[in-house]
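Below is one structure, written out as structure tokens; comments come after it.
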Amino acid sequence: MKDIPVGVSFFYRMTRPLFLLFFLLPLLIFSCSNGGDDSAGSNEPVEECMSQDLLLSDSLVADSIIKDTANIIAADSFRFVIEFFDATGAAMSHPVEIQIEDNFFPDSRMTDAHGKLTYIAHKDHLIYVVYSNDTLVTYMNERGGEERTEHIQLNVRPMYGRIMDNDGTPLVGMPVHMHFRGNKKDRASSCGSDVFFRTDSAGYYHTYVPTNFHSIVLRSCGFVFGVIPRREFESYPKQNFLFTPFEVENRCAYNVPSHEFFIDVPVDDGFDKRTVSATDWPALFALDPMLEAAESVTVRTVFPQRAYTYRIKKRNGAFSVPRMRVCLR
């Protein structure tokens, strides 16, 4: 056997690993691809994987259709959205009552916690949006299937505070009617367009008042418990009140014995009556509509040894309650 030249032998030794690498590389690639499929645990045909992808895509499309149809407006209707702001330019953060006349049929709606009102009406209806007897916007001959957005600034300012009884106990769910007097000579305490609200679970209230009033009158169950002049409100928008409908004065001694008040409210044209304790707040507040409509009631002051009866009437829309005088030694 002939000897291989030294140069050729060196070249053969250097290139032999490269030949082996080129030969083994396709085998390695093929085995790795099979190993990847096995590690994923997928032995399904290609057609089955494609069908799963299609089902997933269909479900996404179906979800998006459901979300979109929730806000679709019918072709014969239109929707208007009004965002309200107070006199300072801040969004009204507490609900206020808005009157809507839909083809001359009145309806009352409350704004949400962000001062927004949403309403859907027929496109051919005449719509008036009214707040405190002022027409804010009018809609007529609108295009069906569309939405109108308005930004309206009301000439109102926030008013807030707390209402308690004589002992400092917060009055919960207390109905409050707020009347606005226009000038110094105005003595009215109520009217049909008065603002209505209730205290919350801690006796607090939050409402809005117009900026062009002479004084504010607050009443509950027909009894006035607060009058706020405009100058006072501008300095102190937070107003706290005590609700004490009746007071007793003993003309024959310095002390007033323990006593309890009862209110007799006439019903059925005066042939029947409902009696409630004046300090049973839930029961008294439940009679607010009846007391607002009644022109007179009977108040009984009951002492351990004696009782006094008074008949009180409404004056200027509220019960006129003088100080009740007794003589007990």
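The values are calculated or read from the model by the stated rules, or taken from the named source; none is laboratory data. Not measured: the values here are computed from a predicted model. Cβ sites come from the backbone with ideal geometry, for glycine too, and all protein chains shown count toward neighbours. Accessible surface is based on the protein model in full, side chains and every heavy atom, while ligands, DNA and RNA are left aside. Shrake-Rupley method; radii C 1.70, N 1.55, O 1.52, S 1.80 Å.
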ask   = Tell me, which strands (runs of 3 or more DSSP E) lie completely within the stretch 135-244 with 1 or more residues that are within 30 Å of residue 294 (Cβ to Cβ)?
value = 156-164, 175-181, 195-198, 204-210, 215-220, 223-229
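On the given criteria, is residue 227 open to solvent by 70 Å² or more (accessible area, probe 1.4 Å) and within 25 Å of the chain's Cα centre (by Cα)?
When the stated conditions are applied, residue 227 does not pass them.
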task = Just need a number here: residues in the stretch 155-171 that are touching a Pro at 6+ places or on another chain (Cβ under 8 Å) and either over 12 Å from residue 281 (Cβ atoms) or open to solvent by 70 Å² or more (accessible area, probe 1.4 Å) (or both).
result = 7
ask   = Taking the stretch 192-217 as the search range and keeping residues that are among the hydroxyl-bearing types (Ser, Thr, Tyr) and closer than 15 Å to residue 174 by Cβ, which one is surrounded by the fewest Cβ atoms within 10 Å (Cβ to Cβ)?
value = 201
task = Inspect the stretch 250-263 for any residue being out of contact with any strand residue (DSSP E or B) (no Cβ under 8 Å at 6 or more places or on another chain), modelled with pLDDT under 95 and either among the aromatic types (Phe, Trp, Tyr) or part of a strand (DSSP E or B) (or both) and give the result as yes or no.
result = yes
request  = Look at residue 96 and say whether it is at pLDDT 95 or above, open to solvent by less than 40 Å² (accessible area, probe 1.4 Å) and of a type in the set (Val, Ile, Thr).
outcome  = no
query = Restricting to the stretch 249-278, what's the tally of residues that are under 30 Å from residue 201 (Cα atoms) and either crowded, with 17+ Cβ neighbours inside 10 Å or among the aliphatic types (A, V, I, L, M) (or both)?
reply = 7
Single unsatisfied condition, residue 283 versus (1) open to solvent by 30 Å² or more (accessible area, probe 1.4 Å); (2) out of contact with any strand residue (DSSP E or B) (no Cβ under 6 Å at 6 or more places or on another chain) = (2)
